[in-house]
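*Asks:* Please see the structure below; I have some questions.
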Amino acid sequence: MKNNRIFKIYKRLYAYYGPQFWWPGDTRFEIVVGAVLTQNTAWRNVEKAIRNLKAKNLLTLKKLVRLPVTKLAELIRPTGFYNLKAQRLHNLLVFLFQNYSQETDLVSMNRLPTQRLRKDLLSVKGIGEETADSILLYAFNRPVFVVDAYTRRIFSRHHCFSYKTPYSEIQRFFVQSLPKRTKIYNEYHALIVRLAKDHCKKVPVCNNCPIFNY
DNA sequence: GACCAGGCACATC
DNA sequence: GATGTGCATGGT
């Protein structure tokens, strides 16, 4: 059991907000799709796009990989950057379909070791570190800590590291401070997003933060 | 009407 | 290598 400020903040967040039940999504494949669509985008807009895909019964790997990019773009329009994201999602789907399972549950892909999967995901044009790690953590339940803009903003404001610190260093900072457990990484990231939405938007450092003011 | 949202690749210096 | 920019809809 590790005992330090970062872990204490986690426990404080969890006690305050409770479990966040991430990632919202019915299937592993839906989580993968959502991870691409939510790039720099509010989740409610992603939900609209997911609904569009479900309404046309397209939310399976076999069906979606065959959909022309222009059609895909039209369906995911509510997420913004839709031409870009349609191409990125298509790149990923083709990669998955050709290299791993052709099944929506991606079972054969799930047999591979985490670092191999991460390297493979990062090789896809349009899949960066955060998207790859989100897929690993939330779709494949691997113990990989996800660093996003909120994590960077909040913890740099509280002098844990500089705002410009590279992704990999921030990730290492959290991993070194926490027990290596999927459950904790899962909830911590979700709780950071929750906290950010509540308190950390426009003020440099929130004066009535329920977590950091202690 | 400005500002922001669960990034990423690429150009330019 | 670091800094800036395009991508774009929808909510506050």
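*Asks:* Within the stretch A:164-178, which residues are surrounded by fewer than 17 Cβ atoms within 10 Å (Cβ to Cβ) and closer than 18 Å to A:Val193 by Cβ?
*Replies:* A:Tyr167
*Asks:* Taking the condition of being of a type in the set (D, E, K, R) and in contact (Cβ under 8 Å) with a residue 40 or more places away in the chain, how many residues in the stretch A:150-172 meet it?
*Replies:* 2
*Asks:* Exactly one condition in (1) touching a residue at least 12 places away in the same chain (Cβ under 8 Å); (2) assigned to a loop (DSSP other than H, G, I, E, B); (3) within 16 Å of DNA strand B (Cβ to nearest atom) is false for A:Ala73; which is it?
*Replies:* (2)
*Asks:* Could you please let me know if A:Asn99 is touching a helix residue (DSSP H, G or I) at 6+ places or on another chain (Cβ under 8 Å), at positive phi and surrounded by fewer than 17 Cβ atoms within 10 Å (Cβ to Cβ)?
*Replies:* no
*Asks:* Then there's this: Quick one: in the stretch A:102-115, which of the residues that are touching a residue at least 24 places away in the same chain (Cβ under 8 Å) and charged (D, E, K, R) is surrounded by the fewest Cβ atoms within 10 Å (Cβ to Cβ)?
*Replies:* Going through the qualifying residues, I end up with A:Asp105.
*Asks:* Within the group A:Ile76, A:Ile9, which residue is within 30 Å of A:Phe155 (Cβ to Cβ), within 21 Å of the chain's Cα centre (by Cα) and modelled with pLDDT of 95 or more?
*Replies:* That would be A:Ile9, the only listed residue that is within 30 Å of A:Phe155 (Cβ to Cβ), within 21 Å of the chain's Cα centre (by Cα) and modelled with pLDDT of 95 or more.
*Asks:* Something else: Just for helices (runs of 4 or more DSSP H) wholly inside the stretch A:142-211: which have at least 2 residues that are away from DNA strand C (no atom under 16 Å from the Cβ), β-branched (Val, Ile, Thr) and closer than 22 Å to A:Thr38 by Cα?
*Replies:* A:149-157, A:182-199
*Asks:* Between a residue in the stretch A:129-149 that is of a type outside the set (A, V, I, L, M) and any residue that is assigned to a loop (DSSP other than H, G, I, E, B), which pairs come within a Cβ distance under 6 Å, given they are 6 or more apart or on different chains?
*Replies:* Partner pairs satisfying both residue conditions: A:Glu130/A:Asp148; A:Asp133/A:Val144; A:Asp133/A:Val146; A:Ser134/A:Val146; A:Tyr138/A:Trp23; A:Pro143/A:Lys180.
*Asks:* With the structure loaded, tell me whether A:Val124 is over 13 Å from the mean Cα position of the chain (by Cα) and in the same structural domain as A:His90 (by TED's automatic domain parsing) or whether it fails that test.
*Replies:* yes
*Asks:* Return the total of residues in the stretch A:98-121 being within 21 Å of the chain's Cα centre (by Cα) and in a helix (DSSP H, G or I).
*Replies:* Count: 11.
Yes/no matrix, rows are residues, columns are (1) in the same structural domain as A:Leu178 (by TED's automatic domain parsing); (2) within 16 Å of DNA strand C (Cβ to nearest atom); (3) under 17 Å from A:Glu130 (Cβ atoms); (4) in contact (Cβ under 8 Å) with a residue 40 or more places away in the chain:
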residue	(1), (2), (3), (4)
A:Val33	no, no, yes, yes
A:Asn45	no, yes, no, no
A:Ala49	no, yes, no, no
A:Leu61	no, no, no, yes
A:Phe95	no, no, no, no
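The values are calculated or read from the model by the stated rules, or taken from the named source; none is laboratory data. Keep in mind that what you see is a predicted model, and the values were worked out from it rather than measured. Heads up, the Cβs are rebuilt from the backbone with ideal geometry, glycines too, and the neighbour counts pull from every protein chain shown.
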